[in-house]
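**Student:** Let me begin by handing over the structure; questions about it come next.
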Amino acid sequence: MINFPDSERQPASETSHKLSLRQVLSSGILLLATLLCVVVAALGVSAAGGYAAGQKQRNISATQTTVVNIDLQFGLGISDLQNGRYQLAAQRFRWVLDRAPNYPGASDRLAEAEQHLAQNAGPNANGEATLIPSTSQDPVSLFDEGKEFFDQEDWPNTINRLDQVQSLDQTYRHAEVQEMLYKAYSSLGLIYVRGDRIEEGLFMLDQAAKISDLDDQTEGERYLARLYSTGQSYWGLNWNIVIQNFAAIYETAPNYHDVAERLWDAYVKFGDQLLLSGAGCDAVVQYDSALLLKDDSDVQTKKQSAQEACANPTAVMATSITPDGSVTLGDGNSSGLGGSGTSTPTPSYNIPNP
């Protein structure tokens, strides 16, 4: 029989008590851990649910905002269509269809706007176009409209929109605005000077030149247009200036507008004026210049009369001609000034010969 030391002997009741306490503690810790897991899981589910609910609400709000914007743009498009702003209306309906392809009525309204645009197919040969008013006072929207007109080469509406941008904010996309304005002004200016709107074309080209130097050909056409405009403005007032300007054009571009016919007519009219004023010798010079451009029996007859007057001058009617082409009475025969004066030098431009 083995004898244990007293210190190692434990009563059965004490051992049973310790086991029970240990089991209780273990069970409590397990229960606590389980409860903690449940709470954490519940919190996770709640957070996920809150996030999902919040995201859903944000999606609903975004959808509602988009719908409102689409409805607004469609309504504005209808207004533009009713008021003849077909380009802007078409732009709005395309925007609507990009975001809502099945939006009721948008396709039909777009087709209607495009039909009107086809019937009024932009500027004619002289650059005439109907200016389309904008409903916006926002530089961003106006710039976008101007860019669309620019891409369509609708120069009048491009200029109109970009001028509005500059009036509202000089700094907004300044370099791009200036670049587009230069192109629009120079392009429209050339359309005008090549047509019958010379003065308007010169204004447009001058505006372009304020932004940047014109290219060589455009500068050459501006030069010709300025000569032509000056010649027109002095028609019937000072034949010498008229002839100077039209002769300078004819030397460079003889087919420019009606310059050949106008120059011939100016020579004849100046000759008539000189002959009536007693300057027969100078009249002969003008008639000869006209006959070099076009032979004409009436002018031949006038030349013969001028030659006779030159050979037999009348003292009372003898004249001299000032450099500006005006006629003054004098004594003795007039010199053969010819009335065309010093010809205007032509700059070395790359000028097309129409």
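The values are calculated or read from the model by the stated rules, or taken from the named source; none is laboratory data. In this text, all values refer to a predicted model and were calculated from it rather than measured experimentally. As a convention, Cβ positions derive from the backbone with ideal geometry for all residues, glycine included, and neighbour counts pool all protein chains shown.
**Student:** From the set of residues in the stretch 192-239 that are β-branched (Val, Ile, Thr) and within 14 Å of residue 257 (Cβ to Cβ), which is surrounded by the fewest Cβ atoms within 10 Å (Cβ to Cβ)?
**Tutor:** Filtering first and then ranking leaves 230.
**Student:** Follow-up. For the stretch 212-242, which positions are under 24 Å from the mean Cα position of the chain (by Cα) and either free of Cβ contacts under 8 Å to residues at least 40 places away in the same chain or not assigned by TED's automatic domain parsing to the domain that holds residue 181 (or both)?
**Tutor:** If the condition is that a residue be under 24 Å from the mean Cα position of the chain (by Cα) and either free of Cβ contacts under 8 Å to residues at least 40 places away in the same chain or not assigned by TED's automatic domain parsing to the domain that holds residue 181 (or both), then 212, 213, 214, 215, 218, 222, 225, 226 are the ones that fit.
**Student:** Another one. Can you say whether residue 209 is out of contact with any Gly (no Cβ under 6 Å at 6 or more places or on another chain), part of a helix (DSSP H, G or I) and touching a residue at least 40 places away in the same chain (Cβ under 8 Å), as far as the supplied structure shows?
**Tutor:** When the stated conditions are applied, residue 209 does not pass them.
**Student:** Let me ask another. Which of the residues belonging to the stretch 252-309 are part of a helix (DSSP H, G or I), under 18 Å from residue 231 (Cβ atoms) and aromatic (Phe, Trp, Tyr)?
**Tutor:** 264, 267, 270, listed by residue number.
**Student:** Okay, moving on. Among the candidates 282, 258, which residue alone is of a type in the set (Asp, Glu) and free of Cβ contacts under 8 Å to residues at least 12 places away in the same chain?
**Tutor:** Only one candidate passes the filter, namely 258.
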